[in-house]
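Asks: My structure is below; once you've seen it, I'll send some questions.
Every number here is computed from the coordinates shown, using simple stated rules; none is lab data. These numbers come from a predicted model, not from an experiment. Positions of Cβ are generated from backbone atoms using ideal geometry, with glycine treated the same way; all protein chains shown enter the neighbour counts.
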Amino acid sequence: MNKMGISADPALLDVELPHTLIESPSVSTFMPEEEASICPLLSSNTNGSTTPMTFSHPLTPCIDNDNDSNTSANLCNEDGKVETSSSSGSSSGIGMSVPDATSTTLFNKHSYKHLQNNNSSTQDANGHGPNGNLQLGKDTPSFVSWNWPLIRKCTFFVFMSSLLAMCAVVVAMIVTLPKVCNPKTMWYRGSVFYEIFPASFQDSDNDGIGDLRGVVKRLDYIKSLGVSAVRLNSIFPTSHYPEDFNHIASLMEVSKVLGNLEEVQQLSQSLHARNMSLILDLPLYPFIKELGKSEGASLIKVLASTASNTSDTEDTTTTTARPIITVNLITMALQHWIKYGVNGFYIKGLEHFPDLEDIEYHLAEWKDILGNERVLIISEEVLQRLNKAQKSAALQHIDLVDVYLNVFNGTIYMEERLNDLLNSDIAPKDPGVWIHWSLGSVDKPRMAREGVSSNFSITATLMQLMLPGTPSIFYGDEIGLRAVDDHLKEHNETKHLHHLSTMQWPLNFTQQFTTRETLPWLPKSSGTSFDDYTLVSRMIALRDRSPSIYKNAICKGDTVLPNTAIRRSGDDILIVERIYPRRNTFVSVSNFGQIRVTLDMTSKFYSGIVMLHGNNDKIYFSDFQIGPTESIIVRLDK
């Protein structure tokens, strides 16, 4: 005691406690007849009397062992005495010695077997069940008995799942956001068309003449070029197709040499699956000798036009007047081919009709049949025959005007021609009619021909793809396909068809135009350059993603500003500049001559990056060098 710093004064230790404090409360509290098991702290003797239980310290280790209960009791009761300090009350201290039997009974794991009552369902006075659970009454709300732990888990799972789903949606939206925000146009505006003469494109049945199934087989090639639409030249039956393809016998049938109507539909479906469209040439003349009268020329059918005025209110409802559709071969042909998936028509031969008095009404009928999503194309030569009033009315129903640009007339002619067109009635504007540029066609000579380098075709094509409007590439021009070379004059009977030379394919292609055992319907040409195909496809891709090139004007409210400047340098250099607000400016410099030229253009441009070649080479216009028959596309530095 002295070692622990506690006083050992006998006066303090020798304290007599009242008898009531020494006794266990159980002796004075519980009635003798009560079951001792009611209180687990009371032990029961064999004679039915209860013995007060005293406790050892709760932290005293007690190891129970059935085989050695005496040892356990001794371990538990070694320090059985408890000393308490006196308090400020009447009690000064309590000391209790713990009997061995009592300690053994308290900490023995078998001491409470007499308390078990597995089949009991009784309640105490407070409404508690045998396990202490609250018994529910009839008036207790039902949600009290819900499985709240499960509900909490499910709620947490739903919350976390929703949070993850929202995060995934946000990430997906960010990933799918367009990298650029370019102005949109109709599908035929600013895009590139690919014009095909089917008989010379691909032979699928080994008869030496191309057909529609052959075109379907080459759609992947066309798609890789980057064009938006395929324009088919004459596919209609003639007496000797393809030699006399211009003299058709029907506007609603397909030449048996090319295929049938079902194959036209298959072609349109295959194009649509590749996000491309099908445009069909309708050569009216000389199959149709005159255009005839339009029933809508003197009578316009108005679907709804009402006006009512009252003293209190004024209501006016007006709808656009639609023309009466004249039933003739042209309108029936348009309706017929639309059923087979055709997305547009080039009405050819109108310029040859002697009477175009009702042409604006015919155009209104044709456009009404096609609707807004299909394109209507006519030739520039038709507009040249109309008076000012007719031309103004006709342009309201036309989507594209085909313009042929003769690149063999020199840069002086091309500069004047282009500037005149860009300031004419068909000047670029949005909305409005757009120009459809053609450098070659079935009725025009091929650019790469005798005495002309194949590079000339590529130079002109790249320049064409820089113009505002909708360029149309004649099949083979992307590889510099040459017209048929007939030095020996062995094919004079087909001389008028030599520009329709059969298409050539790279040697690594599994199939050429036809098999080796079959002679093509025209002699094979020579001098193609498949490396130029890459330049053209890259130029089309550049055009598609650059508003400066595919847009034909700058529209600010009601004001339309040009975004194209055409210049020339000397007799062989043509310069096309394309601009657009807050976008890159591009310049194409084309040399149509046969000698290398060095230019100083610092008065207009300073420097830029050369496009299409993949090297991103820097170029300065103070010492700009360009080779013969070459086009260089430059993105100007800002």
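Asks: Using every alpha carbon pair in segment 507-638, what percent of pairs falls into each 5 Å bin from 0 up to the bin containing the largest distance?
Replies: 2, 8, 15, 18, 16, 12, 8, 7, 6, 4, 2, 1, 0
Asks: Out of segment 440-510, which chymotrypsin sites (Phe, Trp or Tyr not before Pro) are coil in DSSP terms and have no more than 12 other C-beta atoms within 10 Å?
Replies: Passing sites in segment 440-510 are Phe509.
Asks: What are the residues whose amide H is under 5 Å from the amide H of Gly608, where those residues sit 5 or more places off or on another chain and H is modelled from the backbone?
Replies: Ile619, Asp637
Asks: Can you pull out the trypsin sites (Lys or Arg not before Pro) in segment 141-202 whose DSSP state is coil and whose Cβ has at most 14 other Cβ atoms within 10 Å?
Replies: The qualifying sites are Lys179, Lys184.
Asks: For segment 266-282, just list the computed ³J(HN,Hα) in residue order, Karplus coefficients 6.51, -1.76 and 1.60, θ = phi - 60°, integers in Hz, with x standing in for Gly and Pro.
Replies: Along segment 266-282, the couplings run 4, 5, 5, 5, 5, 5, 4, 5, 9, 6, 10, 10, 10, 10, 10, 7, 10 Hz.
Asks: Please give me, ordered by residue number, the trypsin sites (Lys or Arg not before Pro) of segment 219-261 that lie in loop per DSSP and have at most 15 other Cβ atoms within 10 Å.
Replies: For trypsin sites (Lys or Arg not before Pro) across segment 219-261 that sit outside H, G, I, E and B with at most 15 neighbouring Cβ atoms in 10 Å, the list reads Lys256.
Asks: Let me ask something else about it. Using the Karplus curve 6.51 cos²θ - 1.76 cosθ + 1.60 with θ = phi - 60°, what ³J(HN,Hα) values do you get for each residue of segment 586-596, in whole Hz, with x for Gly and Pro?
Replies: 10, 9, 10, 10, 10, 10, 8, x, 10, 10, 6
Asks: Given Lys184/Lys444; Lys179/Lys618; Lys367/Lys429; Lys223/Lys495; Lys367/Lys556; Lys184/Lys638, which pairs have Cα atoms separated by over 22 Å?
Replies: Over 22 Å apart, Cα to Cα: Lys184/Lys444; Lys179/Lys618; Lys223/Lys495; Lys367/Lys556; Lys184/Lys638.
Asks: Under 5 Å between amide hydrogens, which residues at least 5 positions from Ile473 or on another chain qualify, with H placed 1.01 Å from N in the peptide plane?
Replies: Phe193, Tyr194, Glu195
Asks: Using θ = phi - 60° and the Karplus form 6.51 cos²θ - 1.76 cosθ + 1.60, what ³J(HN,Hα) does each residue of segment 370-386 get, whole Hz, x for Gly and Pro?
Replies: Coupling constants for segment 370-386: 6, x, 6, 7, 9, 9, 10, 10, 9, 8, 4, 5, 5, 5, 5, 8, 9 Hz.
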